[in-house]
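See structure below.
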Amino acid sequence: MKLNLKKPIVFFDLETTGVDVSKDRIVEISIMKISPNGEKEIKTRRVNPEMPIPVQASEVHGIYDDDVKDEPTFRALAKSLAKFIDNSDLAGYNSNKFDVPLLAEEFLRVGVDFDLENRNLVDVQNIFHKMEQRTLVAAYKFYCQKELVDAHSAEADITATYEVLEAQLDRYEDLQNDVDFLAEFSERQKTADLVGRIVFDENNVEVFNFGKHKGKSVSEVFKKEPSYYSWMMDGDFPQYTKKVLTAIKLRDFNS
């Protein structure tokens, strides 16, 4: 079943120096942009992370320091990349938990504002886990009856992810062929800051999801303990988390 699109959707996958959203960097990004008319455009680019790639990471994705030493930095690619994915919904495999937050961090580090306000985020892994509870390799075999060759190659992974989502739409009558629905269905918990430090409660209020103030309203904590904002801004938290905290603080100040 072909995706029913109201605007472009971008399937993307990142290969990185590690799994720490705050500290690690992109070494390869692959994007498949699909337009409402069905037209597909794929771009794959290796990136100089400006830091050594740990051997453990290289052994997973097969990209070593020498492979990226002459490639452009993310700073050099950021503006053209932001333009290419502008006005597009985002999709991937485990993307809500990792790829989207890390991409947002990379943009913010180089001063490019990454706006998610009007984007749907479709995480095919979350749909898969809700329906079948397996990995991408198993998902590709289960839904598409194909073996995933070159797993952990960014381009192979996004192609497989796209095909799996189409097959999921064919298999499950409960899945609506609508990106708004798929984004909501694939969301495990509604987060305010992508990585889940700040989440929305049942009243759509931003609350802390960690530490001594877990479950408490961010606004109320900042009113009663203003130093907590400063502590978080000085701490080792993702830039996007800090951006969300600042927006909440400014919103409360202006109100």
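Read the figures in this text as sums done on the coordinates, not as results from a lab. If you're wondering where the values come from, they're calculated on a predicted model, not measured in any experiment. With ideal geometry, Cβ positions are generated from the backbone for all residues, glycine too; neighbour counts draw on all protein chains shown.
Give the distance, in whole Å, between the Cα centre of the range 167-204 and the Cα centre of the range 98-135.
Answer, in whole Å: 11.
Pulled fully out, how much extra length does the chain show between Asp66 and Glu202, if you take 0.36 nm times their separation in residues and subtract their Cα-Cα distance?
Details: separation 136, 0.36 × 136 = 48.96 nm, distance 4.90 nm.
Full extension from Asp66 to Glu202 adds 44.1 nm.
Cβ neighbours within 10 Å, averaged per peptide: list 222-230, 96-104, 56-64 in order, most packed at the top.
Details: 222-230: 13.2, 96-104: 23.3, 56-64: 15.7.
Ranking, from highest mean packing down: 96-104, 56-64, 222-230.
Answer with one residue from Ile158, Ala138, Leu175: the one whose Cα lies farthest towards the positive end of the charge dipole of the range 100-195, charges on Cβ with Lys, Arg +1 and Asp, Glu -1.
Projecting each Cα onto the dipole axis, the largest value belongs to Ala138.
In nanometres, what is the gap between the two model label sites at Val137 and Val149, each 7 Å from Cα along Cα-to-Cβ?
About 1.6 nm separates the two model spin labels.
Between Asp180 and Asn4, how many nm apart are label points set 7 Å from Cα along the C-beta direction?
Here the answer is 1.1 nm between the modelled labels.
Cut-off is 10 Å between beta-carbons; in what order do Phe253, Phe107, Phe142 appear when sorted fewest neighbours first?
The most exposed by this proxy come first: Phe253, Phe142, Phe107.
Given the chain, what percent of its DSSP beta bridges are antiparallel, to the nearest 5?
Percent antiparallel among DSSP bridges in the chain is about 75.
With charges set only on the Cβ (+1 for Lys and Arg, -1 for Asp and Glu), what does the dipole of the chain come to about its Cα centre, in debye to the nearest 20?
Computed charge dipole of the chain: roughly 720 debye.
Express in nm, to one decimal, how much length is gained between Lys83 and Thr246 on full extension, taking 0.36 nm for each residue of separation and deducting their alpha carbon distance.
On the way: separation 163, 0.36 × 163 = 58.68 nm, distance 2.52 nm.
Stretched fully, the Lys83-Thr246 segment lengthens by 56.2 nm.
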